[in-house]
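As structure tokens, the structure follows; a few thoughts come after it.
The values are calculated or read from the model by the stated rules, or taken from the named source; none is laboratory data. Bear in mind the structure is a predicted one, so any value in this text is a computation, not a measurement. Using ideal geometry, Cβ is built from the backbone for each residue, glycine included, and neighbour counts are taken over all protein chains shown. These area figures cover heavy atoms from the full protein model, side chains too; ligands, DNA and RNA do not enter into them. Shrake-Rupley method; radii C 1.70, N 1.55, O 1.52, S 1.80 Å.
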Amino acid sequence: MKKILLGLLAVSAISFAAAPNYGAAVAEGTTIFQTGQSGKIAVTGAVTSTIPVVKYVIFASKDGVTADDTLALSTFTLSNDVNRNVFEDTNLKVYVKRVNGSNDGFVELSGTDIVEFSLERDGYNMNDQNIFQNGWIQAGGKLEMLPLALLSDAKVNEIVQQAKASAPELKVDGPFVYKELNATWQAYLQPNTIHFKHTTNGVLEIVADTRTIRQDYNPFEETENKAVETALAGSVASSGFSVLVRLR
């Protein structure tokens with residue numbers, strides 16, 4: 001907008017310009033002057049700045065070369081066994097690169113490109129950091145989420161309603177399944193959670209790692225775990241979940 005406005009000012013100045021009045025009396029410091037005097041002409045113009053537009057691309061890839069426009073995670077197994085409570089396979093990584101000048105590929109980031117990642121989930125209460133961490137992280141940082149946050153609230157609620165047939169005390173808050181019994185708080189928690197690690201500037205790795213959120217709740221007993229996992233009944237596709245990126 002600044003560039004447009006300054007341009008309009010220049011056009012306006014030009015439109016008000018007129019031919020000199022050759023019959024005017026000579027005068028010092030004007031457009032009509034004589035020997036021994038100095039003349040003067042007013043100058044109009046404009047100053048602008050040009051900010052280069054740099055295009056970036058975010059994609060999923062195994063090697064940082066072959067690019068996919070969707071991050072397809074390997075299936076995450078819900079289990080109280082820390083060795084089984086992992087992804088079934090190594091996940092693709094998320095990469096951010098610069099689009100090249102011919103718009104048919106990408107090049108590496110420059111040294112001044114500072115990438116930040118965050119997470120987004122449809123219907124999520126962004127204030128509840130104990131369920132889903134959604135801050136912006138630069139290289140060296142990480143985000144963590146409960147595995148059920150990959151599913152929609154409607155699907156989690158459906159699972160819990162079925163599980164209540166054998167564990168009626170269960171409650172649900174978005175992707176968080178819990179119960180309060182005799183002033184004791186318990187929740188559907190496993191040893192590991194899903195970690196999004198910003199390992200190198202512009203590269204995000206998704207792995208299973210030790211749970212550090214919802215430490216104020218004890219894990220369910222076997223009865224409640226079994227009720228939830230029976231209702232889950234196999235693999236369920238994720239819904240409404242995205243990785244966000246911005247450049248500083």
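Restricting attention to the stretch 191-242, report how many residues are surrounded by fewer than 16 Cβ atoms within 10 Å (Cβ to Cβ), of a type in the set (A, V, I, L, M) and farther than 17 Å from S79 by Cβ.
Within the stretch 191-242, residues that are surrounded by fewer than 16 Cβ atoms within 10 Å (Cβ to Cβ), of a type in the set (A, V, I, L, M) and farther than 17 Å from S79 by Cβ number 1.
What number of residues within the stretch 169-189 satisfy the criterion of being touching a residue at least 12 places away in the same chain (Cβ under 8 Å), open to solvent by 80 Å² or more (accessible area, probe 1.4 Å) and of a type in the set (D, E)?
So the answer is 0.
In the stretch 48-62, which residue that is open to solvent by 80 Å² or more (accessible area, probe 1.4 Å) and aliphatic (A, V, I, L, M) is modelled with the lowest pLDDT?
I51
Can Q162 be described as part of a helix (DSSP H, G or I) and at pLDDT 90 or above?
Values: part of a helix (DSSP H, G or I): yes; at pLDDT 90 or above: yes.
For Q162, the condition - part of a helix (DSSP H, G or I) and at pLDDT 90 or above - is met.
Here's a check for you: in the stretch 13-47, which residue that is touching a residue at least 24 places away in the same chain (Cβ under 8 Å) and open to solvent by less than 70 Å² (accessible area, probe 1.4 Å) is nearest to N103 (Cα to Cα)?
Looking at the filtered set, the residue picked out is A46.
In the stretch 34-76, how many are out of contact with any Lys or Arg (no Cβ under 6 Å at 6 or more places or on another chain) and more than 30 Å from L92 (Cβ to Cβ)?
Selection size over the stretch 34-76: 18.
I want to confirm something. Restricting to the stretch 176-192 and keeping residues that are of a type outside the set (F, W, Y) and assigned to a loop (DSSP other than H, G, I, E, B), which single residue is nearest to Q161 (Cα to Cα)?
Among them, the one singled out is L189.
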